[in-house]
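Asker: Before I ask anything, let me first share the structure, which is written out below as structure tokens.
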Amino acid sequence: MPRRFIAVGIFIIAGITLFALGIFLVGSRHEAFARHVLLYTEFANLDGVTKGSKVQVAGMDAGQVIRIVVPRSPQGHFRVQMKVDEQFHGLIRSDSVVTVDTEGVVGNTFLTIHTGSPNAPIAQADSVLQSKPPVTMSDLLTNGLGIMNDADATLKQVGVKLNITLDGANDAIANANDLLVGLKEGRGPAGMLLRDEKVADQIRGTISNVRSTTSNLEQASAGVNSMVADVQRRQFPQKIADTLTQFHSASTQANEAISEIHQSLAQALGPDAYGVTAGQNISQALGNVNVATGNMAEDTEALKHNFFLRGFFNHRGYYTLSSLSPEEYRHSKLLANNRSPRVWLGSDALFQQGPHGGEELSDRGKHAIDAAVVSSGDSIFAHPVVIEGYADAGTPADALALSYARAQIVRNYLEARYPFAATNLGLIPLSATPPPRVGHDRWSGVCILVAEKK
């Protein structure tokens, strides 16, 4: 009997332990035990954002919407309360902007807090962040329909004006044709000169008389003056001037039509009421499509992090930087080890002060990055590459933000200059502490890691 009670007690204790462990794992998965910061923003139109919608910071899941206050009047705005993980607080600055994004074209909506400038102060808890009105698909379709209607109306006006111009040109050609027909038929002095043999004989006789005697010169001059007066009475010069005027008018009308087309295109491609051009709206729509394509891999990514299959995928070398915290990255068996090739680049050799106060790559830094890529050989394009950002700033938040900015600057340079695949190039901000056993206890700058499986 005592042994039976002992076995029952052990079974009960084990069950309670497993139950408490499950509650801790579930709570850790939903960030129930993490520290958060409360922030606010306001929207005139939520566009599908509800309580419980997720909040992302710099492309990483960082929190969720916990409360929405409905305005009391149509002129008011919805006040949205957000809960953001404390580790992302350093990336949120006073000039950060909150936008409404969509997981694909018809996916769920969520809020994105864009990182502010490094020189701006960190947003205080319970502060109100700026927001940007969402651009809906219906707005894009309405703008596109308006552009098509304007283009159609402009083309119709051009067609009408071109028809008028062609009619004027046809009239001018008809007048010129009548003039040529009259000359061929012998009408008028010019036609008579071309067709009448008697006039030709008179001209020959006049020339003969001029050669024979100078006394007939005055009579010949009088005959010529009479012919010129006859031509002027028939207004041949005026008709030619009228024809040239019609051609000039047709050319002027064509130039006006082309100017109207240019003006319509400028209005169609110009900025809207919020200062966003049609090209930017299209670019944002294409960006949403790219987000939708990326979200199609979420189910596979969730499978990789499943409790029962996580060990299998970790053994095969699968990882996602967006789901790894800096601390998890430092202890990753695949990424944070001393066997993968690393290139350490110091901040003094890489960066210089930019015109707006932030850091930018110097010419010396660009040469150092180029040398690192060349020294790594062609294998750098066949394996995942991670840019580790390091910064030894005053506060932990400033160090995290500056290390992220430095890694982003180097990543942008590599993407613009070399044929890296977007999926093979990532970054991780590590403040000033590298992973253990990699040759440095503290660092300021970046480290380019080629994640080769050994």
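The values are calculated or read from the model by the stated rules, or taken from the named source; none is laboratory data. Every value quoted in this text rests on a predicted model; they were computed, and no experiment measured them. Because the Cβ atoms are built from the backbone with ideal geometry, glycine has one as well, and the counts that use them run over all protein chains shown. The accessibility values were calculated without ligands, DNA or RNA, using every heavy atom of the protein model including side chains. Shrake-Rupley method; radii C 1.70, N 1.55, O 1.52, S 1.80 Å.
Asker: Which of the residues that make up segment 363-397 are of a type outside the set (Gly, Ala, Ser) and touching a Pro at 6+ places or on another chain (Cβ under 8 Å)?
Answerer: Answer for segment 363-397, where residues must be of a type outside the set (Gly, Ala, Ser) and touching a Pro at 6+ places or on another chain (Cβ under 8 Å): 381, 388, 390.
Asker: Right, next: Go through segment 324-336 and count every residue that is exposed (fewer than 13 other Cβ atoms within 10 Å of the Cβ) and among the small types (Gly, Ala, Ser).
Answerer: Total meeting the criteria: 1.
Asker: Of all residues being under 19 Å from residue 36 (Cα atoms) and open to solvent by 60 Å² or more (accessible area, probe 1.4 Å) in segment 57-78, which is farthest from the chain's Cα centre (by Cα)? Just the residue, please.
Answerer: Of all residues in segment 57-78, those under 19 Å from residue 36 (Cα atoms) come to 57-68.
Restricting the remaining residues to those that are open to solvent by 60 Å² or more (accessible area, probe 1.4 Å) gives 61, 64, 67.
Values: 61: 23, 64: 27, 67: 32 Å.
Only one residue tops the list, namely 67.
Asker: Hey, another quick one. Conditions first: (1) over 30 Å from residue 402 (Cβ atoms); (2) at pLDDT 90 or above; (3) within 33 Å of the chain's Cα centre (by Cα). Residue 44 passes all but one, so which condition is the exception?
Answerer: Going through the list (1) over 30 Å from residue 402 (Cβ atoms); (2) at pLDDT 90 or above; (3) within 33 Å of the chain's Cα centre (by Cα), residue 44 breaks only (2).
Asker: Output the residues belonging to segment 382-398 that are touching a residue at least 40 places away in the same chain (Cβ under 8 Å) and not hydroxyl-bearing (Ser, Thr, Tyr).
Answerer: 383, 384, 385, 386, 387, 388, 389, 391, 392, 396, 397, 398
Asker: Pick out the one residue from 336, 268, 254 that is touching a Pro at 6+ places or on another chain (Cβ under 6 Å) and at pLDDT below 70.
Answerer: Working: 268 fails: touching a Pro at 6+ places or on another chain (Cβ under 6 Å); 254 fails: touching a Pro at 6+ places or on another chain (Cβ under 6 Å).
Step by step, each of 336, 268, 254 is checked, and only 336 is touching a Pro at 6+ places or on another chain (Cβ under 6 Å) and at pLDDT below 70.
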